[in-house]
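Below: the structure, in structure tokens.
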Amino acid sequence: MQGSVTLEIKNNIGTIVFFHPQSNSLPSEILNKLASTISQAGTNDEIKVVIIKSKGDRAFCAGASFDELSSIDNFSDGKKFFMGFANVINACRKCPKLIICRVQGKAVGGGVGLACAGDYCLATRFASVKLSELAVGIGPFVVGPAVEKKSSVSAYSTLSINATKWFTASWAREKGIYSEVYDTNEEMDQEINKLAENLTNSNPEAMKKLKEAIWSNTDHWDELLEKRAEYSGQLVLSDFTKNAIARFKSK
């Protein structure tokens, strides 16, 4: 597998780190491993709180792998690829442990969805966001419910429609995507460590119930996100989308 997903457990904190050399993009192998690792952390009694982060000091996540998108030539493979994002989001919401997301840099598409699938998200001022899917002929369908739930229909539609614009970390903070924004990685990490340590001293059953309350009214997301994956899996086969992806790859 090009890239990696790891889980480290220390002092009852489970830290999941994903990496891909192309700006921490998310090909199928990374998505599948990320979903299974989140689920694994949720069932590990040694873990009381989960942190999700990516490697490096620059991009948090570049979203879907354009190399893999451009190679899809049938609906089944298209749906399967986008189900990778659905599975990660569903793994986050079903995980009985509270999840803290660390966003050190730019987040695109599925990266925004991942940030919104966490329960508490901290970022730096360099962590601008963009939902670029419409610009390549698809649409942010699978990540949409997570973005809309964390922020609002208005914020989701703004990001979705203005698909070529980067929105600042401050904007994302105002809309509720980020809980807090810091000037440096060091400041952000200090707060993440403090919050995670505090949560390890909280009542596990209370945190589980809080998680259930936060994600109430999402029991239908298994079916909803599968349907959204079908939308994208069909659209990625169009000539419009294939040409748009080719133009993006050539830049």
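The values are calculated or read from the model by the stated rules, or taken from the named source; none is laboratory data. Because the structure is predicted, anything quoted here is derived from the model rather than measured. Cβ: placed from backbone, ideal geometry, glycine included. Neighbour counts: every protein chain shown.
Checking GLU223, GLU133, GLU148, GLU205 one by one, the residue that is at negative phi, under 17 Å from the mean Cα position of the chain (by Cα) and without any contact (Cβ under 8 Å) to a residue 12 or more places away in the chain is GLU148 and no other.
Among the strands (runs of 3 or more DSSP E) confined to the stretch 1-59, the ones with at least 1 residues that are among the aromatic types (Phe, Trp, Tyr) and touching a residue at least 12 places away in the same chain (Cβ under 8 Å) are located at 13-19. In the set LYS175, LYS211, only one residue is among the basic types (Lys, Arg), crowded, with 18+ Cβ neighbours inside 10 Å and in contact with a helix residue (DSSP H, G or I) (Cβ under 8 Å, 6 or more places away or on another chain); that residue is LYS175.
Checking every residue in the stretch 127-137 against the condition of being buried (at least 24 other Cβ atoms within 10 Å of the Cβ), touching a Gly at 6+ places or on another chain (Cβ under 7 Å) and closer than 17 Å to VAL49 by Cα gives zero matches.
Annotation: of all residues in the stretch 106-121 being part of a loop (DSSP other than H, G, I, E, B) and touching a helix residue (DSSP H, G or I) at 6+ places or on another chain (Cβ under 9 Å), the one that is surrounded by the fewest Cβ atoms within 10 Å (Cβ to Cβ) is ASP119.
Set side by side, the residues ARG173, ARG228 differ, and just one is assigned to a helix (DSSP H, G or I), more than 26 Å from LYS79 (Cα to Cα) and under 19 Å from the mean Cα position of the chain (by Cα), which is ARG173. Return a yes/no flag: does the stretch 173-187 have any residue that is of a type in the set (Lys, Arg) and touching a Pro at 6+ places or on another chain (Cβ under 6 Å). No, the conditions are met nowhere in the stretch 173-187. Within the stretch 231-243, identify whether any single residue is basic (Lys, Arg), closer than 26 Å to ALA64 by Cα, exposed (fewer than 12 other Cβ atoms within 10 Å of the Cβ) and at pLDDT below 95, and answer yes or no. Checked against the condition, which is being basic (Lys, Arg), closer than 26 Å to ALA64 by Cα, exposed (fewer than 12 other Cβ atoms within 10 Å of the Cβ) and at pLDDT below 95, the stretch 231-243 yields no hits at all. Remark: THR6 matches the filter, which requires a residue to be surrounded by fewer than 20 Cβ atoms within 10 Å (Cβ to Cβ) and among the β-branched types (Val, Ile, Thr). Of the residues contained in the stretch 90-104, one or more are found to be over 13 Å from the mean Cα position of the chain (by Cα), in a strand (DSSP E or B) and surrounded by fewer than 23 Cβ atoms within 10 Å (Cβ to Cβ).
Among the candidates ASN24, ASN11, ASN32, the residue that is surrounded by fewer than 20 Cβ atoms within 10 Å (Cβ to Cβ) and closer than 23 Å to SER70 by Cα is uniquely ASN32.
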